[in-house]
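Encoded as structure tokens, the structure appears first; notes follow it.
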Amino acid sequence: MDLHLDLDPRLPLANQLYRQLREAVLSGRLAGGDRLPPTRFLAQRLQVSRKTVSEAYEQLCAEGFFHGRAGSGTFVSQGIQRTAARAPMQSASALQPTRLRQALTDAHTPLRQRASRYNFHGGTTDKQLFPFPEWRGCLQQALRELGRTPGFYDEDAGHPPLRQAIARYLAISRAVSCAWEDLLITQGAQQGLDLLARVMLEPGMCVAMEEPGYPPARQIFLAAGARVVGVPVDEEGLLVEQLPDDARIVYVTPSHQFPLGMPMSLGRRLALLEWAGSRSALIIEDDYDGEYRFEGRPLESLQNLDRHGLVAYLGTFSKTLFPELRLGYLLMPPGLQPALIHAKHLSDRHSCSLQQRALTHFLVSGGFARHTRRMQRVYGWRRERLLQRLHSDLSPWLEPIVPLAGIHLAARLRLAIDEDALAHELRQGGVGLLDLRPFYSQPQPRGGLLFGFGCIDDKLLEEGLDQVRTSLSRLAAI
Ligand SMILES: Cc1ncc(COP(=O)(O)O)c(C=O)c1O
């Protein structure tokens, strides 16, 4: 046991030791049955004489707090009544967040995702189908490797073999060409956003993002003190001509607009790059679930089209593996690399070495490619079935926006329906399904629903959609 004790050399040592050990028993830090460190060991650690420690132990034995067992040491006695815990905290602490942070907390409306029988939550993957035995093998291999390293911090930007494996994967599967040294491993896409905001923004600067858009991104920019301007999207994506002139960052989801789902057209991509080039603005391309493509040829990424080094490309393993892994990557624009790596160092030094190595093995062994190929088929079937239902028995109420990629799709309500009442009905029917309101910064005349199809199996998908129809028909009989 490593017991924290702090002795003042100017005061009687045995008495201080006695008081601190007694306090530790009464407060519960030392529990009945705990074995005390041997006197010689504790004396050495505290740099006092062994006699000092023995005196304190003897006194506590005499008072019944400790007892000795011949040959096995000194133990804390059982059944000692604890004194009251520390005085409870005053509810209103004198510590207050800055006004900026307070405003952010006030504005924060978390996306409520409750456990439900019919789980249509956006962005969740099917863990039932994840090859955990294979992943366990990768973790074990990673542990063995780590055991052989000298035991110090890893590289800030991430484990080089992982960055090399991701660079190969991006070149082959995503038409994103990069040098592996340009990749920074992050704790999910979220940390990539945070680091970019830290190195690019000062309070009052303007950030433009799609409206509707991804609320955690909006929150990050607000937390940095930015003025966040929502720019509308149409069926081709962001309306570039409506960008505010002074935007320092433009955050977009071109493969699969979040949350509506359409891809950004090539024309808009080129217009956005030209716009950013003329102002030296940073474009953040969040390619959060572009791995799953169901129709058409993938459009070239903004990163690949960029000739000015103005695109930061964000990827994540949350949608291909699972979100608790917290692993993502940021393809850094050249001008920001030293600042981003330093910001990562200050934030958490580097991402978890064990997970980084395990993921390297999963990528290099082909496990990742096998898993994503399989999930592409599974999600493809679910998407197809969902679209069939939205085009048939659900069509009187809902109009889907057909996505080419990703694991969620949005559908607009055709009729004016009280969305609070609809949310209540769906909850009552065991359906976990978000409406589109939290993704807009301004109230919208026409509502909609966001169907995630990542973690609902085929049978529950059908039953869940029956339940959605029942809820809709209760509120708007056709
Ligand atoms: C638009 C968007 N970007 C990024 C992410 C992934 O974030 P992370 O990698 O932090 O889990 C999500 C997850 O839902 C998302 O919807």
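The values are calculated or read from the model by the stated rules, or taken from the named source; none is laboratory data. These numbers were taken from a predicted model, which means no experiment stands behind them. Counting neighbours? That spans all protein chains shown, and the Cβs are built from the backbone with ideal geometry, glycine included. These area figures cover heavy atoms from the full protein model, side chains too; ligands, DNA and RNA do not enter into them. Shrake-Rupley method; radii C 1.70, N 1.55, O 1.52, S 1.80 Å.
Restriction of the GluC sites (Glu not before Pro) in segment 1-79 to DSSP coil positions whose beta-carbon has at most 14 other beta-carbons within 10 angstrom yields GLU63. For the chain, the Cβ-based charge dipole about the Cα centre amounts to some 1560 debye (Lys, Arg positive; Asp, Glu negative; other atoms uncharged).
So for segment 13-76, considering every pair of alpha-carbon atoms, how many percent are separated by more than 15 Å?
Working: 934 of 2016 pairs.
Of all Cα-Cα distances in segment 13-76, 46 percent exceed 15 Å.
Compare the peptides 167-180, 331-344 by average per-residue count of other Cβ atoms within 10 angstrom and give them in order, highest first.
Values: 167-180: 15.9, 331-344: 18.2.
The most tightly packed comes first, giving 331-344, 167-180.
Across segment 466-478, rounded Karplus estimates of 3J(HN,Hα) from the backbone phi angles (6.51 cos²θ - 1.76 cosθ + 1.60, θ = phi - 60°) give 4, 5, 4, 4, 4, 5, 5, 5, 5, 8, 9, 5, 9 Hz, Gly and Pro being marked x.
In the chain, Cα pairs under 8 Å separated by at least six residues give a relative contact order of 19 percent.
Could you tell me what percent of the accessible area of segment 369-475 is made up of carbon and sulfur, with a 1.4 Å probe and every protein chain present? Answer for segment 369-475: carbon and sulfur cover 49 percent of the accessible area.
Hey, with R₀ at 30 Å, roughly what FRET efficiency would SER365 and SER280 work out to, going by the Cβ-Cβ distance, to 0.05? Before the final figure, lay out the partial values.
Values: r = 42 Å, r/R0 = 1.40.
It comes out at approximately 0.10.
Here the dipole of segment 134-365 is about 720 debye; that uses its Cα centre as origin and unit charges on the Cβ of Lys and Arg (positive) and Asp and Glu (negative).
Axis of helix 419-428 versus longest Cα principal axis of the chain: the two differ by about 60°, to the nearest ten degrees.
Summarising the strand pairing of the chain, around 55 percent of its internal DSSP beta bridges are antiparallel.
Using a 1.4 angstrom probe on the protein heavy atoms only, could you order CYS455, CYS206 from most to least accessible area? Kindly include the intermediate steps, with their values, before the conclusion.
Working: CYS455 35, CYS206 5 Å².
Descending order: CYS455, CYS206.
Calculate, for the chain, the solvent-accessible area per residue in square angstrom, rolling a 1.4 angstrom probe over the heavy atoms of the protein chains.
Value for the chain: 49 Å² per residue.
Using the Cβ-Cβ distance between ARG412 and LEU346 with R0 set to 56 Å, the FRET efficiency works out to roughly 0.80.
Could you work out the relative contact order of segment 13-76? I mean the mean sequence separation of Cα pairs under 8 Å and 6+ apart, divided by the number of residues, in percent. Don't skip to the end; give the middle numbers.
Working: 63 pairs, mean separation 26.6, N = 64.
Answer for segment 13-76 is 42 percent.
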